[in-house]
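One structure below.
The values are calculated or read from the model by the stated rules, or taken from the named source; none is laboratory data. Please read these numbers as outputs of a predicted model, since none were measured by experiment. Here the Cβ positions follow ideal geometry from the backbone for every residue, glycine too, while neighbour counts run over all protein chains shown.
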There are 2 protein chains.
Amino acid sequence: MTQTSGATARLYLEDLTVGQRFVTGTKTVDEAELKSFATTYDPQPFHLDHEAAKSTMFGGLAASGWHTAAMTMRLIVDGGPPFAWGIIGGGGELSWPKPTRPGDVLQVETEILEITPSRSRPERGTVTVRNDTRNQHGDIVQSFVVKIIVPRRTPGA
Amino acid sequence: MTQTSGATARLYLEDLTVGQRFVTGTKTVDEAELKSFATTYDPQPFHLDHEAAKSTMFGGLAASGWHTAAMTMRLIVDGGPPFAWGIIGGGGELSWPKPTRPGDVLQVETEILEITPSRSRPERGTVTVRNDTRNQHGDIVQSFVVKIIVPRRTPGA
């Protein structure tokens, strides 16, 4: 099942099933924003300047991976699964298989991989999700497998 | 060996040894910047407002994990190991063991974990590093184990 979730319903552990998918809206990568983010947080030539980027491994201007991660997060907060406590992740396995380029149109798909009620805390559980961020060609530019803390609607039920 | 590396020397694969450490400068987490980042990329109550954050799992205002990651990157670009091609990572294992708070003073320590010359590409190799970001109390607020692509000074030597 794939669902778009501008939905206001807040999701609890009982509302989720393994294999469930959620698709966000889209975000067009703005070149000025790409350079501004890089200037502040990742000032390396391949994130700042077309010419300088040509002779690097990226072969052209590319977004900082952390900018891709930040844009992905915003897409999820706005239109990903509306977990009841929000999107609270403690970390996970992150990869950037392809660069994000100016003008790319990003969209994130979240898939529920695993649902584990907590043994020690009856009011909550852990949901492992994979968030794949794709560009307009369908290439994955970021994948993040992360455990999210999600409350139970009925503690210990 | 621990070294601070505002050094201008560019590092090649042959310059590195397992266990080598690098320590960056520091960054004080500014509350206005914390909220501004969250407003743009992670607009959830616990990243935006002291009062709203109190009743959440964070128990108070906390930076977006992606902001911690971005500030960490800037510290490394400015004062981490000056790898010859820059800091080019394809992903890795990311964790945020503790929240980053306004006023925290962050510093990053990079440790070289593994050095693997490429078999197919004699001009380069992969260096696995752990970047630990600590606050002023010595608590780790982020750890990222990542493979960086580093060139050889003498290809295939």
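Values computed for the structure shown
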quantity	calculated
Residue in region B:88-107 that is over 18 Å from A:Tyr41 (Cβ atoms), away from chain A (no Cβ under 14 Å) and in contact (Cβ under 8 Å) with a residue 12 or more places away in the chain present	yes
Restricting region B:19-35 to residues that are out of contact with any strand residue (DSSP E or B) (no Cβ under 6 Å at 6 or more places or on another chain) and more than 10 Å from every other protein chain (Cβ to nearest Cβ), the residue that is nearest to B:Thr110 (Cα to Cα)	B:Gly19
Residue selected from region B:108-135 under the condition of a type in the set (S, T, N, Q) and surrounded by 14 or more Cβ atoms within 10 Å (Cβ to Cβ), by the criterion modelled with the lowest pLDDT	B:Ser118
Which numbered condition A:Thr128 misses (of (1) assigned to a helix (DSSP H, G or I); (2) in contact with a strand residue (DSSP E or B) (Cβ under 6 Å, 6 or more places away or on another chain))	(1)
When residues of region B:41-63 are limited to those that are facing chain A (nearest Cβ under 7 Å) and under 27 Å from A:His47 (Cα atoms), the one farthest from the chain's Cα centre (by Cα)	B:Pro43
Any pair with Cβ under 6 angstrom, 6 or more apart, that starts in region A:28-39 at a residue that is polar (S, T, N, Q) and ends at one that is surrounded by fewer than 16 Cβ atoms within 10 Å (Cβ to Cβ)	A:Thr28/A:Val105
Test: residue in region A:60-76 that is of a type in the set (Ser, Thr, Tyr) and assigned to a loop (DSSP other than H, G, I, E, B)	yes
